[in-house]
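Engineer: Have a look at this one.
The values are calculated or read from the model by the stated rules, or taken from the named source; none is laboratory data. These numbers come from a predicted model, not from an experiment. Cβ coordinates were reconstructed from backbone atoms using ideal geometry, including for glycine residues, and neighbour counts include every protein chain displayed. Side chains are part of the model used for accessible areas, which takes the heavy atoms of the whole protein and leaves out ligands, DNA and RNA. Shrake-Rupley method; radii C 1.70, N 1.55, O 1.52, S 1.80 Å.
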Amino acid sequence: MRKNPSEEKVNGVLNILKELYPDAKCELNYGTAFQLLVATALSAQTTDKKVNSVTETLFKEYPDADAFLTLTQEELEEKIKTIGLYRNKAKNLLKMCQQLKENFNGQVPDTMEGITSLAGAGRKTANVVLSNAFGVPAIAVDTHVFRVSNRIGLAHAKNVEDTEKQLQNNIPKEEWSLAHHLIIFHGRRCCYARKPDCENCALASYCDYFEGAK
């Protein structure tokens with residue numbers, strides 16, 4: 001079993017990523033906690049860019065849960081059909097809006113338990129909303145965070161739940177939310193799923209994957 005990364009390694013990786021990506025932030029466009037919740041739910045298995053192209057019009061016409069509930073499932077499907085899994089997402093979004101109205105007075109809850117009680121919202125979605133909308137320290141483990149953190153050696157886990165726990169344990173709490181964005185930026189710009197650009201990666205000296213590939 002691999003040891004936890006040293007404090008020196010964690011700090012070294014984060015410091016390099018901060019230099020590389022000083023503008024690291026959530027790349028989904030939103031104006032409210034509700035809009036971020038919807039955008040994050042839509043982003044599963046598709047790109048933020050594609051989600052933003054859909055929500056630019058969607059949020060102008062339907063800015064909140066009440067507005068969404070004026071749509072039928074078929075109408076919402078038509079508005080988000082360029083996004084993967086759009087039928088299931090439309091169904092979940094309308095159920096989510098109904099739950100917000102019935103259980104939370106139409107407001108997005110600011111707890112993990114509250115958000116994950118909503119249709120289509122798992123821990124990743126909850127962590128994104130808690131971190132970005134409510135300022136709660138959180139690490140949302142999406143495909144980029146899972147891949148990059150395990151390649152580098154910030155975590156050594158086989159699933160997203162264990163990856164989240166290990167990152168929380170290995171990264172100072174005050175750095176959680178920023179670290180999440182930094183790792184995502186690196187995954188999108190260098191540490192690709194296929195053919196990561198190891199030769200030009202500033203983290204190579206810290207990276208378990210690069211060390212093993214040599």
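Engineer: Could you tell me how many of the residues in region 41-51 are crowded, with 17+ Cβ neighbours inside 10 Å and assigned to a helix (DSSP H, G or I)?
Structural biologist: The total comes to 4.
For every residue, the table says whether it meets (1) closer than 19 Å to Asp23 by Cα; (2) without any contact (Cβ under 8 Å) to a residue 40 or more places away in the chain.
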{"residue": "Asn127", "(1), (2)": "no, no"}
{"residue": "Phe146", "(1), (2)": "no, yes"}
{"residue": "Ser149", "(1), (2)": "no, yes"}
{"residue": "Asn159", "(1), (2)": "no, yes"}
{"residue": "Gln166", "(1), (2)": "no, no"}
{"residue": "Ala179", "(1), (2)": "yes, no"}
{"residue": "Cys190", "(1), (2)": "yes, yes"}
{"residue": "Cys201", "(1), (2)": "yes, yes"}
{"residue": "Tyr209", "(1), (2)": "no, no"}
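Engineer: Any idea which residue in region 115-131 is farthest from the chain's Cα centre (by Cα), counting only those that are open to solvent by 40 Å² or more (accessible area, probe 1.4 Å) and closer than 17 Å to Gln168 by Cα?
Structural biologist: Of everything passing the filter in region 115-131, Arg123 is farthest from the chain's Cα centre (by Cα).
Engineer: Give the residue, chosen from Thr70, Thr55, that is free of Cβ contacts under 8 Å to residues at least 12 places away in the same chain, β-branched (Val, Ile, Thr) and either outside any loop (DSSP other than H, G, I, E, B) or assigned by the TED database to the domain that holds Asn127 (or both).
Structural biologist: Being free of Cβ contacts under 8 Å to residues at least 12 places away in the same chain, β-branched (Val, Ile, Thr) and either outside any loop (DSSP other than H, G, I, E, B) or assigned by the TED database to the domain that holds Asn127 (or both) holds for just one of Thr70, Thr55, which is Thr70.
Engineer: Quick check on region 28-40. Is at least one of its residues closer than 21 Å to Ala179 by Cα, within 18 Å of the chain's Cα centre (by Cα), open to solvent by 60 Å² or more (accessible area, probe 1.4 Å) and of a type in the set (Val, Ile, Thr)?
Structural biologist: No, the conditions are met nowhere in region 28-40.
Engineer: Quick one: what pairs do we get from region 1-17, first residue outside any helix (DSSP H, G or I) and of a type outside the set (A, V, I, L, M, F, W, C), second at pLDDT 95 or above and open to solvent by 100 Å² or more (accessible area, probe 1.4 Å), C-beta under 8 Å, 6+ apart or different chains?
Structural biologist: As it stands, the answer is Asn4/Asn169, since those pairs meet every condition given.
Engineer: Out of the residues in region 76-129 that are of a type in the set (Val, Ile, Thr) and assigned to a helix (DSSP H, G or I), state the one that is farthest from Thr55 (Cα to Cα).
Structural biologist: Only one residue tops the list, namely Thr116.
Engineer: To continue, here is another question. Taking region 180-196 only, how many residues are surrounded by 15 or more Cβ atoms within 10 Å (Cβ to Cβ), in a helix (DSSP H, G or I) and not hydrophobic (A, V, I, L, M, F, W, C)?
Structural biologist: 5
Engineer: Based on what the data block shows, is Val136 of a type in the set (A, V, I, L, M) and crowded, with 17+ Cβ neighbours inside 10 Å?
Structural biologist: In short, no.
Engineer: Continuing with the same structure: Pick from Lys25, Lys60, Lys95, Lys79: which is within 21 Å of the chain's Cα centre (by Cα) and either among the hydroxyl-bearing types (Ser, Thr, Tyr) or open to solvent by 50 Å² or more (accessible area, probe 1.4 Å) (or both)?
Structural biologist: Only one candidate passes the filter, namely Lys25.
Engineer: So, one more: Could you check, for region 168-179, whether at least one of its residues is loosely packed, with under 15 Cβ neighbours inside 10 Å and farther than 23 Å from Ser6 by Cβ?
Structural biologist: no
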